[in-house]
Amino acid sequence: MSTKQLSTKHLLGIKYITSDDAKLIFKTADSFKEVINRPIKKVPSLRDVTIANLFYENSTRTKLSFELAEKRLSADVINFSASSSSVKKGETLLDTVNNILSMKVDMVVMRHPAPGAHHFLAQHIDANIINAGDGTHEHPTQALLDAYSIRETIGDLHGKKIVIIGDITHSRVALSNIFCLQKLGARVKVCGPPTLIPKYIKSLGVEVEYNLLKALKWCDVANILRIQLERQDIKFIPSLREYALYYGVNKKVLDQVGKDIVIMHPGPINRGVELSSDVADSDQSIILQQVENGVAVRMAVLYLLADRRGDR
């Protein structure tokens, strides 16, 4: 499907891939999107490849999306959940993965709460590693599918204005999106309460806006993130009600923007908090498009990395 190769044998983070890598993934995803929209949705591309999905944190969309992508490519799939495994008995990450590799696994898709866990694995095991989220660090396939969805909706990202709204501090999606959008030539701004925007963010070449309406008037696309209460050990906002009052995107706010902007959300949505139902379900929203594109983009990543299996 592609005569070119990725510059890396792992997908550890957007930080470690090139803009050409991202464009190659998008081009490959275009082909796979045709596949998943036809009556027979399978191709034999990874028929001899065994992939292990290791999820040390809860996941619905990402886990299902990867599993579906793997099965659409005819790979053999092993699903591993830390909550029902020997991890509960004290088994280390390396021991867990080595046991799985003894079953002749070729690729590992992993979500782990520790930032850098994927780098550790890449140095110690002989398989392609795909980062499905590491703590509050990165979530590269989410950023790729977000950028792919923007490209599909409004064209080339170069010069486009994207605002990321919400809990920037605790979001791995935000960091990966910033890296990906900048590599593709977009301008990026973040918006949210000062307590949820990290101090280092400006050093990444990102503008900061604390006024929601100003941010929405500036942008072409608004990518809205949820408040991640499960990652907050102290209170960063007085209440969800107050957050919704100042930073919730609803129909009333959008009516004041004076132009149509694209609305995105990586999910899960806290309806009535960061996003109202009348916006989430509106014609401006491409949230369901993101979900569909997630399968095609992950198929592309798996397919292209499988091409690098001989590079040890």
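The values are calculated or read from the model by the stated rules, or taken from the named source; none is laboratory data. What you see is a predicted model; the values in this text were computed from it and never measured. No Cβ is skipped: glycine too gets one built from the backbone with ideal geometry, and neighbour counts run over all protein chains shown.
Residue pairs whose Cβ atoms lie under 9 Å apart, separated by 6 or more positions or on different chains, with the first residue in the range 273-290 and more than 9 Å from Val249 (Cα to Cα) and the second hydroxyl-bearing (Ser, Thr, Tyr), are Ile286/Ser149; Ile286/Thr153; Gln289/Ser149; Gln289/Thr153; Gln290/Tyr148; Gln290/Ser149. Which residue, of Asp95, Asp146, is charged (D, E, K, R) and at pLDDT 95 or above? Going through Asp95, Asp146 in turn, just one is charged (D, E, K, R) and at pLDDT 95 or above: Asp146.
Do we find a residue being of a type in the set (Lys, Arg) and modelled with pLDDT under 95 anywhere in the range 165-172? Break it down stepwise before answering.
So the first thing to find is which residues in the range 165-172 are of a type in the set (Lys, Arg), and the list is 172.
Now restrict to residues that are modelled with pLDDT under 95: 172.
Yes, the range 165-172 has at least one match.
Only one entry in Thr96, Thr28 is part of a helix (DSSP H, G or I), under 16 Å from Ile125 (Cβ atoms), assigned by TED's automatic domain parsing to the domain that holds Ile129 and in contact (Cβ under 8 Å) with a residue 12 or more places away in the chain, namely Thr96.
Kindly indicate whether Asn211 is at pLDDT 95 or above, of a type in the set (S, T, N, Q) and closer than 18 Å to His265 by Cα.
no
If you filter the range 39-76 down to residues that are in contact with a strand residue (DSSP E or B) (Cβ under 6 Å, 6 or more places away or on another chain) and part of a loop (DSSP other than H, G, I, E, B), you find that the one that is farthest from Arg172 (Cα to Cα) is Ala75. Checking Thr153, Thr195 one by one, the residue that is assigned by TED's automatic domain parsing to the domain that holds Ser239, within 30 Å of Lys33 (Cβ to Cβ), surrounded by fewer than 24 Cβ atoms within 10 Å (Cβ to Cβ) and among the polar types (S, T, N, Q) is Thr153 and no other.
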